[in-house]
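The structure appears below as structure tokens.
The values are calculated or read from the model by the stated rules, or taken from the named source; none is laboratory data. Since the structure is predicted, the reported quantities are computational estimates derived from the model, not experimental observations. Cβ sites come from the backbone with ideal geometry, for glycine too, and all protein chains shown count toward neighbours.
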Amino acid sequence: SAAEKGGYDHFMLKEIHEQPKAISDTLTGRISEDGTKVVFDEVQFPAGFVKDIDRIHILACGTSWHAGMVGKHAIEKLTRIPVDCEIASEYRYRDPIVSKNTLMVVITQSGETADTLAALRQAKEQGTRVLAITNVVGSSAAREADDVIFTWAGPEISVASTKAYTTQLTALYLFAGWLAQERESVGASEVPAILTALRDMPANAEKVLETAPAIQAFAKEWSSREHAFFIGRGLDYAVSLEGSLKLKEISYMHAEAYAAGELKHGTLALIVEDIPVIALVTQDDLYEKTLSNIQEVKARDAFVLALAWSGDQQIAKSVDQVIHIPKVNPFLAPILAVIPLQLLAYYASVARGNDVDNPRNLAKSVTVE
Ligand code: G6P
């Protein structure tokens, strides 16, 4: 009913707008009073384990897998522990290499995804410690994992996941910071600044939501197309994958996310006049590299919409349209950068007359293999 949707036309739009609060709820109680430390009382590793971990396997499906890719980057950067992030349905059938010092992290909004649970159960059988990041208290993942970090996103109704993803990212950044702090790793000194930035995230997410009218106009103009591309490097590539999935799931446009530097090894063949290319440009240390990839697609007359920091005056000279988002530490950019892409998928789906909250052939939770 309209009341359940809180005045929004669809659950997805409501859930997109709930992200500032969901992020804030996921942070609550997890930052020390002086703002410098991560508090994770719910993680109760055996004595010594936190320092012994020598490998982390992140397992998930769909959007949760995309969150895991950001988690891999965050954990490796702050702790230097090698992290693999894999699709659960692949992992369970490939005889992965684990030891007593492996930590498995499963990410699942519902806590009921069959493939993810199978990977969890396999790990437990072989004696691997499992930490679950899930949104549902009392779910199978929450009950069966050794440790649980809840994302406090609240119920997510729309099949296309939005606030679950941004709260998974929030939980993963906290966990990466916690690991660094407990292990006294290279990144431990960065934790206080990361926590400050995380605390500012709800207000910044609120500002990103103000891009909605511009995104809606873009979606109206471009959603009659059959193809779209998303490009980026590093964390921008991980977010591109999620933006592309979102668009495919609910608008039914074909979209492809490409690591920007990989374009010339194949996909550039598909870039022709007026193909929409959404370019993410939030990773400052990769800025020039991404810019040269943008020039490659512009040279083929693509229409480029860039997602860039506010204050980036240079980018407008190289692209057709820019969506600016408030500047934060690029390490945390994914939490903000995904929001315009969620809005793009939403408005494209509406423009195409689709059933936004219940896309064809997809289910909210896939409990069969
Ligand atoms: C389904 C949903 C996706 C979701 C995936 C994993 O395919 O349609 O939106 O990302 O399952 O779900 P989970 O609950 O494990 O995060």
Quickly run through the stretch 53-69 and pick out the residues that are within 8 Å of the ligand (Cβ to nearest atom) and either among the β-branched types (Val, Ile, Thr) or in the same structural domain as Leu241 (by TED's automatic domain parsing) (or both). Thr63
Restricting attention to the stretch 88-110, does a residue exist that is at pLDDT 95 or above, over 23 Å from Phe49 (Cα atoms), more than 9 Å from the ligand (Cβ to nearest atom) and among the polar types (S, T, N, Q)? no
If I filter the stretch 318-369 down to residues being within 16 Å of the ligand (Cβ to nearest atom), touching a Ser or Thr at 6+ places or on another chain (Cβ under 9 Å) and of a type in the set (Val, Ile, Thr), which single residue comes out as nearest to Met69 (Cα to Cα)? Val338
Considering the stretch 228-246 alone, what residues qualify as being out of contact with any His (no Cβ under 9 Å at 6 or more places or on another chain) and either surrounded by 24 or more Cβ atoms within 10 Å (Cβ to Cβ) or outside any helix (DSSP H, G or I) (or both)? Phe229, Phe230, Ile231, Gly232, Arg233, Asp236, Ser240, Gly243, Ser244, Lys246
Looking at (1) among the polar types (S, T, N, Q); (2) outside the structural domain of Ile133 (by TED's automatic domain parsing); (3) modelled with pLDDT of 95 or more; (4) more than 16 Å from the ligand (Cβ to nearest atom), find the lone condition where Ser224 falls short. (3)
Restricting the stretch 128-144 to residues that are under 24 Å from Glu369 (Cβ atoms) and more than 22 Å from the chain's Cα centre (by Cα), the one nearest to the ligand (Cβ to nearest atom) turns out to be Ser140
Residue among Leu59, Leu120 that alone is buried (at least 19 other Cβ atoms within 10 Å of the Cβ) and under 29 Å from Arg233 (Cβ atoms): Leu59
Among what's in the stretch 298-353 and is among the hydroxyl-bearing types (Ser, Thr, Tyr) and in contact with a strand residue (DSSP E or B) (Cβ under 8 Å, 6 or more places away or on another chain), pick the residue that is surrounded by the most Cβ atoms within 10 Å (Cβ to Cβ). Ser318
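Do the conditions hold for Glu249, that is, is it without any contact (Cβ under 8 Å) to a residue 24 or more places away in the chain, out of contact with any His (no Cβ under 8 Å at 6 or more places or on another chain), closer than 25 Å to Ile335 by Cβ and in a helix (DSSP H, G or I)?
Answer is no for this residue.
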Residue, farthest from Gly71 (Cα to Cα), within the stretch 111-127, restricted to residues that are of a type in the set (D, E, K, R) and more than 9 Å from the ligand (Cβ to nearest atom): Glu125
